[in-house]
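None of the figures in this text is laboratory data; all of them are computed from the coordinates on show. All values reported here derive from a predicted model rather than from experimental measurement. Please note: Cβ atoms are built from the backbone with ideal geometry, for glycine as well, and neighbour counts cover all protein chains shown.
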Amino acid sequence: MTQASIQYRLVKNILFKGIVLLISSLCAVPLVLVLYFIIKKGIATISWTFLTSLPKPVGETGGGIVNAITGTLLIILVASVIAIPIGVFGGVYLAENKKSRITNIARTCVEVLQGVPSIVIGIIAYLWVVKPTGNFSALSGSIALAIMMLPVIVRTTEETISLIPYSIKEAGLALGVPYHKVLLKVVIPSGLSGIVTGITISIARVAGETAPLLFTAFGNPFQNFNILRPMNSLPLLVFNYATSPYQDWKDQAWGASFVLLVIILLINILTKLAIRRWKIQF
Amino acid sequence: MSTKSTTVKKSSQTSEGAFLKVLAGAVYLIIALLICIFITLVWKSWPSLKQFGFHFITGTTWDPVSGEFGGFPFLMGTVITSILALIISFPFSMSIAIFLGEYNKTGWLSDIFKNVIELLAGIPSVIYGFAAIYFLVPIIQNFEINHNIIPYGVSTLTAAIVLAIMIIPYSASVAREVISLTPRDLKEASYSLGATRFETIRRIIIPYTRSGIAAGILLAFGRAIGETMAVTMVIGNTNTLPKDLTTLFFAPSNTMASVIANEFTEATSDIYLSSLIEIALLLFIVTLAFNLLGRFIIKRMGGNS
């Protein structure tokens, strides 16, 4: 009797582990499906002309996505230029003034900002930039993405700087180096790998964002390098093409998805390499 | 010599002051940013707040032509899709959390799972939506044909399934962290009484981490509410309320985020625009509340995500 009950408990134990393992493995199914379709359909559409030519009007076959690729890169570049200095400086301040009241308030603000839905940020960028200037622009899209990048950069910078031992800072100060130079020449360089990681993570996070660009960068079928004008980007193009009724556009959306995914994966791999290469052990 | 040293000191002091001001400025800017977002939303949705008042939340008619705006269908749509998504994703995120937090904290198998979760979180929303149009919508359509339901394909359920896949990483990562934080002596005490691993998980770890798991669910809920693109692409975008259980799952509907994405650029009148901004304001407040509550619980438990 007791033997049987022990047996039963042991079987239940093994069964549970099996179920946990099984259900966990099922999570890979959607991932594999999405990747499989994108790679299979994407590679079929991708060619040199697809990557280097402009979209053709509806009805004409062919055409490419070069304007969306350059647009994505340019919008992210401008967003990074806005977000990186503010984010890094803010993160350093939070790490250096741990106990002040303003730090606590700012930390909460950063957490809240991270949770704000991207569509709301899109509306904000529309109201702040598009409406006053009177036209959709890549700049407004960059500002929306910069707002989304900020919390990630601030938090990773703060965490990294907090990990740097006080002795390193003290060594600098003991040599008579002014406090701000210690920050700039000792603390920030020592934490560089963490800061760079935060920046690349934030870029990977916003690179695929569509919602904030819907009413800011808006999309544009022509080649454009002027950030004060509407600009196309890969996520926008995927959205517009995927929901269009034309088969040709849908096929191209797979190709664009593939390119977008490759860009995001490349950023992620670069991040991992950066961590490995610049990691400073204490 | 002495004058030189004082000038050096002075200039370094002023540049030090300037540098520290820049640092503090960045922090104040972030705080101001959030406050300005809130003020802008309230200010721009004021006409709609004033005209419809509380009726905006309870009204069921959304008619831009006659200028009547009631957001109840979208509120319901958001709540239904998000709760459905949470229910669907719960077993998956819990399994991942238990596996990575308790069974295999390290090793090649957990590395694979960690990478899967990371990739799931990294795929852009718009690509999820696109893949769902291609793959999930026909499946749902077939099911509807076989069960004599109008075969829209796009529906509340379709959106909820896509959402569920997208929020697994968020609730799983929080739950994994709190599960791995369970004190060792508690688990050892349980083993020493002869409990199996399953019994330890069920009687010790899950009760101990209950509030942390709840916090993870709250954060995932906050995500699900604000998710826009994937939902917009597969929910069908109709402003109707479900009439019975079948239409609750299988009829097209709309969420707060998807109505903004669809109609914002078409909003012609001021009151229309202001109503859409009021929906954004509601989204902002609700996600803010869920986030703060979730993080408060995690902080109390001693986690740091």
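Would you kindly identify the helices (runs of 4 or more DSSP H) lying entirely within segment B:167-280 that contain at least 2 residues that are in contact (Cβ under 8 Å) with a residue 60 or more places away in the chain and farther than 30 Å from A:ASN13 by Cβ? Give the steps one after another, and end with the answer.
Working: elements: B:184-192, B:197-200, B:210-226, B:229-234, B:245-250, B:256-263.
So the answer is B:210-226, B:229-234, B:245-250, B:256-263.
Please find, within segment B:115-124, the residue that is surrounded by the most Cβ atoms within 10 Å (Cβ to Cβ) out of those that are of a type outside the set (Val, Ile, Thr), over 16 Å from A:PRO212 (Cα atoms) and at the interface with another protein chain (Cβ under 7 Å from one of its Cβ atoms). Spell out how you get there, then give the answer.
Here is the first cut: in segment B:115-124, the residues of a type outside the set (Val, Ile, Thr) are B:115, B:118-122, B:124.
If we keep only those that are over 16 Å from A:PRO212 (Cα atoms) as well, we get B:115, B:118-122.
Now restrict to residues that are at the interface with another protein chain (Cβ under 7 Å from one of its Cβ atoms): B:119-120, B:122.
Details: B:LEU119: 19, B:LEU120: 22, B:GLY122: 19.
The extreme case among them is B:LEU120.
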inquiry  = Just to confirm my filter: which helices (runs of 4 or more DSSP H) fall fully inside segment A:2-94 and include at least 2 residues that are touching a residue at least 12 places away in the same chain (Cβ under 8 Å), under 30 Å from A:VAL262 (Cα atoms) and among the hydrophobic types (A, V, I, L, M, F, W, C)?
reply    = A:28-45, A:48-52
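Results for (1) surrounded by fewer than 21 Cβ atoms within 10 Å (Cβ to Cβ); (2) touching a strand residue (DSSP E or B) at 6+ places or on another chain (Cβ under 7 Å); (3) closer than 25 Å to B:ILE123 by Cβ; (4) aliphatic (A, V, I, L, M), shown as yes or no for each residue.
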position: B:VAL162; (1), (2), (3), (4): no, no, yes, yes
position: B:GLU188; (1), (2), (3), (4): yes, no, no, no
position: B:TYR191; (1), (2), (3), (4): yes, no, no, no
position: B:THR196; (1), (2), (3), (4): yes, no, no, no
position: B:ARG223; (1), (2), (3), (4): no, no, yes, no
position: B:THR232; (1), (2), (3), (4): no, no, yes, no
position: B:ASN239; (1), (2), (3), (4): yes, yes, no, no
position: B:LEU245; (1), (2), (3), (4): yes, no, no, yes
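What do you reckon, is A:ILE164 more than 30 Å from B:THR287 (Cα to Cα), buried (at least 18 other Cβ atoms within 10 Å of the Cβ) and of a type in the set (A, V, I, L, M)?
On the way: more than 30 Å from B:THR287 (Cα to Cα): yes; buried (at least 18 other Cβ atoms within 10 Å of the Cβ): yes; of a type in the set (A, V, I, L, M): yes.
Against the criterion (more than 30 Å from B:THR287 (Cα to Cα), buried (at least 18 other Cβ atoms within 10 Å of the Cβ) and of a type in the set (A, V, I, L, M)), A:ILE164 qualifies.
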ask   = In segment B:95-111, how many residues are more than 8 Å from chain A (Cβ to nearest Cβ) and surrounded by fewer than 22 Cβ atoms within 10 Å (Cβ to Cβ)?
value = 9
ask   = Within segment B:19-73, restricting attention to residues that are surrounded by 14 or more Cβ atoms within 10 Å (Cβ to Cβ) and in a loop (DSSP other than H, G, I, E, B), which residue is nearest to the other protein chains (Cβ to nearest Cβ)?
value = B:SER45
query = What do you reckon, is B:ILE127 surrounded by 18 or more Cβ atoms within 10 Å (Cβ to Cβ), within 30 Å of B:THR78 (Cβ to Cβ), of a type in the set (A, V, I, L, M, F, W, C) and free of Cβ contacts under 8 Å to residues at least 40 places away in the same chain?
reply = yes
query = When segment A:136-177 is examined, which residues are found to be among the aromatic types (Phe, Trp, Tyr) and without any contact (Cβ under 8 Å) to a residue 24 or more places away in the chain?
reply = A:TYR166
